[in-house]
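To keep things clear, I will list the structure first and then write my remarks on it.
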Amino acid sequence: MGTLDKKVAVVTGASRGIGRGCALELADAGATVYVTGRSITEDDHPLPGTVAATATEINEFGGTGIAVVCDHRDDGAVERLFEQVAEEQGRLDILVNNAFIVSDELTSGRPFWDVPISNWDDMIDVGTRSAYVASVFAAKHFMVPAATGLIANISSSGAQEYAWHVAYGVGKCALDRLTTDSAHELRPHGVHVVSFWPGFVKTERIDIAEAAGLLPDSLDVSTAESKRFTGRAVAAVAADPDAGRWSGQAV
């Protein structure tokens with residue numbers, strides 16, 4: 001028996017990276033996991049990974065993974081995602097807001113005035129606004145009526161210290177504020193909201209850069225977290241009978 005048996009989760013942006021790791025760990029703990037993302041085929045993104053591949057990996061080890069192609073900039077598509085979960089499962093216990101767009105300029109070192117203004121829209125619309133939209137549907141249709149649930153926002157220490165890009169830091173700071181304030185409003189309804197700060201993670205992007213010799217010497221890949229490490233933290237909080245002690249915090 002897994003610690004999350006009979007639970008249902010949605011993980012956004014789960015084609016690759018931390019989102020994929022979260023989906024795998026939640027499924028390994030017993031949850032039925034809906035994985036979302038825009039990548040249908042390997043040609044849809046320069047990095048390897050699709051929602052179908054994540055769901056297939058889950059199903060191959062005996063879990064239940066359900067792939068849903070969803071652009072989290074499209075509120076209608078997001079609403080249809082939660083309608084599908086309602087029709088097929090009738091419940092939602094865990095929402096992991098991980099969807100994020102990494103712009104080409106994110107790690108360029110260029111100042112904010114020297115990069116496209118669209119960088120703001122990429123990081124704020126998907127990295128922050130999409131978490132708000134998904135949280136609305138999760139809370140309204142599932143968690144508040146059931147008086148239980150966990151919303152996990154995948155954030156970053158960039159919320160409190162400079163990291164990469166002005167728009168990146170603003171988006172993560174706003175995401176942590178979303179965690180604090182939504183936790184305040186959801187607390188009377190038994191729903192918890194927690195921000196998770198991964199460290200340096202060995203994602204597909206890092207694997208490719210390392211193989212090409214493009215990583216700076218300052219990055220020690222041997223100390224990097226696995227893609228699944230954050231997922232273990234999310235699964236642990238989701239299974240914690242006293243999860244409310246973390247609600248409203250960044251951990």
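The values are calculated or read from the model by the stated rules, or taken from the named source; none is laboratory data. Here the structure is a predicted model, which is why all the values come from computation and not from measurement. Ideal geometry is used to build each Cβ from the backbone, glycine not excepted, and the neighbour counts take in all protein chains shown. Heavy atoms of the whole protein, side chains included, go into the accessibility calculation; ligands, DNA and RNA do not. Shrake-Rupley method; radii C 1.70, N 1.55, O 1.52, S 1.80 Å.
Between CYS173 and GLN84, the distance separating the two model label sites (each 7 Å from Cα on the Cα→Cβ line) works out to 3.6 nm. Against the longest principal axis of the chain, how steep is helix 166-186, in degrees 0 to 90 to the nearest 10, with axes from Cα atoms? Orientation of helix 166-186: about 10 degrees from the principal axis. Taking the chain as the reference, fit the longest principal axis to its C-alpha atoms, fit the long axis of helix 17-28 to the helix C-alpha atoms, and give the angle between the two in degrees, 0 to 90, nearest 10. The angle comes out at about 30 degrees. For the stretch 1-82, run through the chymotrypsin sites (Phe, Trp or Tyr not before Pro) and keep only the ones in DSSP coil with at most 16 other Cβ atoms within 10 Å of their Cβ. Hits after loop and neighbour filter: PHE61.
Lys-Lys pairs in the chain that are eight or more residues apart or on separate chains and whose Cα atoms lie under 26 Å of each other come to 8. Tilt of helix 229-239 relative to the longest C-alpha principal axis of the chain, in degrees (0 to 90, nearest 10)? For 229-239 against the chain, the angle is about 20 degrees.
Could you give the length gained by full extension between HIS189 and PHE112, i.e. 0.36 nm per residue of separation minus their alpha carbon distance, to one decimal place? Walk me through the intermediate numbers first.
On the way: separation 77, 0.36 × 77 = 27.72 nm, distance 4.05 nm.
Stretched fully, the HIS189-PHE112 segment lengthens by 23.7 nm.
Within a Cβ distance under 9 Å of PHE142, other residues only, what is the Lys/Arg minus Asp/Glu net charge? So the surrounding residues net to +1.
To the nearest 500 deg cm²/dmol, what mean residue ellipticity at 222 nm is calculated for the chain from DSSP H runs of n ≥ 4 alone, each contributing -39,500 (n - 2.57), summed and divided by the residues? Numbers along the way, then the final one.
Working: 8 runs with 89 residues, N = 251.
Helices in the chain give a 222 nm mean residue ellipticity of -11000 deg cm²/dmol.
A DSSP coil position with no more than 16 other Cβ atoms inside 10 Å describes the following chymotrypsin sites (Phe, Trp or Tyr not before Pro) in the stretch 108-184: TYR162. Could you check the simple spin-label distance between ALA211 and SER157, using points 7 Å along Cα→Cβ, in nm with one decimal? Between ALA211 and SER157, the label points sit 2.9 nm apart.
In square angstrom, what is the accessible area per residue of the chain with a 1.4 angstrom probe? Spell out each step's value before the answer.
Working: 12040 Å² over 251 residues.
On a per-residue basis, the chain sits at 48 Å².
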